[in-house]
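Worksheet: one structure, shown below.
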Amino acid sequence: MNPHIIEIINAIHGIDWSLVIPQYFFFTGISAAAFLISALTYVFGDENYRPIAKLSLIVAFTVLVAAPLNLIADLGQQGRFYSLFYHTHATSPMSWGSFLLTTYPLLILLEGIFAFRAGFARKAQKASGGMKKLYTWLALGNDQVTAQTEKRDHKWSYLLGAIGIPFAIAVHGYTGYILGVVRARPLWHTPLMPITFLVSAMVSGIAFMLILTWLMVRDDQGRIPWKLIDRLAVLLGWTILTDLTIRLFWYSIGFFYSYGSYQDVIQFMFVDHFVDTVIVEMLIALVIPAIVMLIPALRRIRPLLILSALVTVAGVWLFRWNTVIGGQEIPKTGAGFYHYSPPLWGSKGVMEVVANWAFWIFLFILFTWFLPWRSNDEMEIETDVTEQSAILAEGGAQ
Amino acid sequence: MNSDRREFLKFIVGGAAVAASAAAVIPKQEATAAAPNDPSDSTHRWGMLIDLRKCIGCQACSVACSMENDVPLGYHRTIVSTYELDFGDTARRATLPRLCNHCENPPCVEVCPTQATYKRHDGIVVVDNEVCIGCGYCVQACPYDARFINPETHTADKCNFCVHRTEAGLLPACVETCVGGARIFGDLNDPNSEISRLLREHSTQVLKPEMGTDPRVFYIGLSEYLQAKVNGEPVPWTEEELQKELAQL
């Protein structure tokens, strides 16, 4: 007979990977998804997504600039982060990550040069002085947009986009790998981890782009492009169903057919944390949004559509939290479970994540302000008008 | 380290740049990186046997270890986990000294991104805290809760069988101090060592054998319900409370 065991003395091993790690996983996921959305246009030639193709590239790049800062913040010896490039280890997914996290943004940058070239050339035509020089330089020294340059730009953005696809998948897939290889943690140790991370990344990224489209993209008449948003919503709905299917496989095999240590996971997730995981993360943030996205009558209630997309994004963040922090709340040797609530300020505090978001928002504003990302020329027409009226005003003053 | 750094700079300056994918770099490093500072050879294979029948749970080993290795307050390289086992009509106390298992297949080593932690030829798993970046991956990967991030060095820390003592022919501090003689340290390669003899003569257990780590810390008299994550009531304090208490000291 198994005795009733009371732990009297044991060391407590708290949370070593703090909440910047879920934030990092979340951001790389957004980047991968945004890149794949841009590839729909640049690689697969789907014109429906062209209005957000450049915006997606900007999102993919900027979140990937902000994301690795989380990793550095979580190191014990932050000043040594660069040694990851010369102290390498083939069996450590974290070592692969250092190279993925540098190669992939460079690829986006290269693709961006060709994707934005025509826009810069048009800007160069209208600008003067130093700005003209800058725009011409950014347009690769040529301020003309001809059929020939368009063909070349398309060819290169196609090629770099195609090379970028496996990198985008790898840069997020490897984060799932990081957790999946840890056999000491039963919640993490599943071959499904990279897959479930990738699919939930697509969920968060599509929802994120849907919200940004609603906020920032306007058609020629200055209206919200609901047709495109509906298209994203349907894509989101099906991606959520894929996500839920993978979860079903993962949890059902874990629940009914797993070895002993997985039973702790079941107790932790489905009993102690039933509200966080089942009610909020799965029901409110996945099942209900999927219903809203896939039923046209519900989708047309526009506030409901946008709210559902927001909830989905938050839900994926919660999934990252529940996985990274939850996995560590199940002790490896100790009895029971740990409870973790992060401090607000200081190292490993909530404000680190807030600061990371703030930094991304800053980058995003900077990039969308400077780069000609709108597919229609509306913005340029607007500036033309203001420039003309400024000239007229000057003329009038004289 | 310097030669590594020079190589790194050459690599960057040489224009190969990061685009010359990870695959090209990793095997080259692999060849040179196997334990550069390892003075040991494989004639010895150090291991420990803990005879739980002799352990009285006095924590003298925990204290000796912390003093010998200057382990910060609130952290442990070894600790004697203590349990009350209630069988209904009877109850008894169980003790379980925990430390790094110096596994034959250490999962901490394979995940370390910088190879700061490695297994020496004599089997002792060590951390080079001048290379360690404190990412905590090894802490996650260890199935035995043997590792922690040292708040003073900000790098991974753990039992190293008191390598500075064993290299000088001394016993690890915990073994030296053990009141009941429950901890036996020795050379597993030497068939005449006390540990080899006891391993031959007794049935022994290891922690979490299903992890496939092949530990080199063995136990005599380890109950199966203490072998993996203990299924019972947790210690009546939390990490937060512990940190508060420590802050007051």
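The values are calculated or read from the model by the stated rules, or taken from the named source; none is laboratory data. The structure presented is a predicted model; accordingly, all values stated were derived computationally and were not measured. Cβ: placed from backbone, ideal geometry, glycine included. Neighbour counts: every protein chain shown. Surface areas here come from the heavy atoms of the whole protein model, side chains and all, with no ligands, DNA or RNA. Shrake-Rupley method; radii C 1.70, N 1.55, O 1.52, S 1.80 Å.
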Next item on the list: Apply 1/(1 + (r/R0)^6) to the Cβ-Cβ distance of residue B:249 and residue A:146, taking R0 = 60 Å, and write down the FRET efficiency to the nearest 0.05.
Entry: 0.20
Next item on the list: Can you check what the net charge comes to around residue B:179, using other residues whose Cβ is under 15 Å from the Cβ of residue B:179 (Lys, Arg +1; Asp, Glu -1)?
Entry: +1
Item checked: Mean shadow area of region A:36-104, taken as a quarter of the surface of its Cα convex hull (nm²) -> 5.7
Check: Where nothing but the Cβ of Lys and Arg (+1) and of Asp and Glu (-1) is charged, how large is the charge dipole of the protein assembly as shown around its Cα centre, in debye to the nearest 20?
Finding: 1460
Notebook entry, point to check: Rg and Dmax of region B:59-152, using alpha carbons, in Å: what are they?
Noted result: 15.8, 54
Margin query: Helix B:239-248 against the longest principal axis of chain B: what's the angle in degrees, Cα atoms only, rounded to the nearest 10?
Written below: 90
Item checked: Normalised contact order of chain B, rounded percent, pairs of Cα under 8 Å and 6 or more residues apart -> 24
Notebook entry, point to check: Where Lys and Arg each count +1 and Asp and Glu each count -1, what net charge lies around residue A:143 among other residues with Cβ under 9 Å from its Cβ?
Noted result: +3
Next item on the list: Kindly identify region A:171-218 as rounded, prolate or oblate by the Cα gyration tensor criterion: order the square roots of the eigenvalues as a ≥ b ≥ c, call it rounded if a/c is under 1.5, otherwise compare a/b with b/c, prolate if a/b is larger, else oblate.
Entry: prolate
Check: So how strong a dipole does region A:1-130 carry about its Cα centre when Lys and Arg Cβ are +1 and Asp and Glu Cβ are -1, to the nearest 20 debye?
Finding: 800
Check: By how many nm would the segment from residue A:227 to residue A:90 lengthen if fully extended, with 0.36 nm per residue of separation less the alpha-carbon distance?
Finding: 44.7 nm
Next item on the list: Give me the percent of Cα-Cα pairs in region B:81-214 that sit more than 21 Å apart, rounded to a whole number.
Entry: 51
Notebook entry, point to check: When Rg is the radius of gyration of the Cα atoms in region A:1-41 and Rh is its Kirkwood radius, what does Rg/Rh come to?
Noted result: 1.47
Next item on the list: Would you mind finding the longest exposed-site-free stretch of chain B, with exposed GluC sites (Glu not before Pro) meaning DSSP loop and at most 13 other Cβ atoms within 10 Å?
Entry: B:1-129
Note to self: What distance in nm separates the two pseudo spin-label positions at residue A:106 and residue A:244, each 7 Å out from Cα along the beta-carbon direction?
What the structure shows: 4.3
Margin query: How charged is the neighbourhood of residue A:26? Take every other residue with its Cβ under 15 Å from the Cβ of residue A:26, and add Lys/Arg as +1 and Asp/Glu as -1.
Written below: -3
Item checked: Chain pair A, B: total accessible area buried, heavy atoms, 1.4 Å probe, Å² -> 6100
Note to self: What value in Å³ per residue do you get for the convex hull of the alpha-carbon atoms in the protein assembly as shown?
What the structure shows: 191
Next item on the list: Among the lysines, select those whose C-alpha is under 27 Å from the C-alpha of residue B:244, and discard any that sit fewer than 8 residues away in the same chain.
Entry: A:332, A:348, B:158, B:229
Notebook entry, point to check: Roughly how crowded by other chains is peptide A:139-148, in terms of the mean Cβ count from those chains within 10 Å of each of its Cβ atoms?
Noted result: 0
Note to self: Once you place label points 7 Å from the Cα toward the Cβ at residue B:194 and residue A:365, how far apart are they in nm?
What the structure shows: 7.0
Checklist line | Area of residue A:275 that stays accessible when all protein chains are in place (1.4 Å probe, Å², to 10) | finding: 90
Notebook entry, point to check: residue B:152 to residue B:170: extension gain in nm, 0.36 nm per residue of separation minus the Cα-Cα distance?
Noted result: 3.8 nm
Note to self: If I model a spin label at residue A:47 and residue B:41 as a point 7 Å from the Cα along the Cα→Cβ vector, what separation in nanometres do I get?
What the structure shows: 7.6
Next item on the list: On the full set of protein chains, 1.4 Å probe, figure out the accessible area of residue B:121 and give it in Å² to the nearest 10.
Entry: 110
Check: Which of B:159, B:174, B:138 sits farthest toward the positive end of the charge dipole of region B:39-229, with +1 on the Cβ of Lys and Arg and -1 on the Cβ of Asp and Glu?
Finding: B:174
Next item on the list: Ignoring everything but the protein chains, give the 1.4 Å probe accessible area of residue B:58 in square angstrom, nearest 10.
Entry: 70
Item checked: List B:66, A:38, ordered by accessible area with a 1.4 Å probe, largest first -> B:66, A:38
Note to self: If DNA, RNA and ligands are ignored and the probe is 1.4 Å, what is the ranking of B:54, A:54, A:348, A:227 by accessible area, most exposed first?
What the structure shows: A:227, B:54, A:348, A:54
Notebook entry, point to check: Taking the Cα centre of the protein assembly as shown as the origin and placing charges on Cβ (Lys, Arg +1; Asp, Glu -1), which of A:229, B:117, A:274 is farthest toward the positive end of the dipole?
Noted result: A:229
Note to self: Starting from the Kirkwood Rh over alpha-carbon pairs, what translational D in µm² s⁻¹ does region B:189-249 have by Stokes-Einstein at 10 °C and 1.306 mPa s?
What the structure shows: 106
Note to self: Over the Cα atoms of region A:223-339, what radius of gyration and what Dmax do you get, in Å?
What the structure shows: 16.9, 58
Checklist line | Where chymotrypsin sites (Phe, Trp or Tyr not before Pro) in DSSP loops with at most 12 other Cβ within 10 Å are excluded, longest remaining stretch of chain A | finding: A:1-258
Item checked: Added length on full extension, which subtracts the Cα-Cα distance from 0.36 nm per residue, residue A:137 to residue A:234 -> 30.9 nm
Next item on the list: With r as the distance between the Cβ atoms of residue B:53 and residue B:73 and R0 = 25 Å, compute the FRET efficiency 1/(1 + (r/R0)^6) and round to 0.05.
Entry: 0.20
Notebook entry, point to check: Can you tell which of A:125, B:243, B:231 lies farthest toward the positive end of the dipole of the protein assembly as shown, using +1 and -1 charges on the Cβ of basic and acidic side chains (Lys, Arg; Asp, Glu)?
Noted result: A:125
Check: Tell me, what is the FRET efficiency for residue A:354 and residue A:215 to the nearest 0.05, using R0 = 25 angstrom and their Cβ-Cβ distance as r?
Finding: 0.80
Check: What is region A:215-305's relative contact order, in percent, from Cα pairs under 8 angstrom and six or more apart in sequence?
Finding: 34
Margin query: Averaged across orientations, what area in nm² does the convex hull of the alpha carbons in region A:150-265 project?
Written below: 9.7
Checklist line | Shape of chain B, Cα gyration tensor, a/c cut at 1.5 | finding: prolate
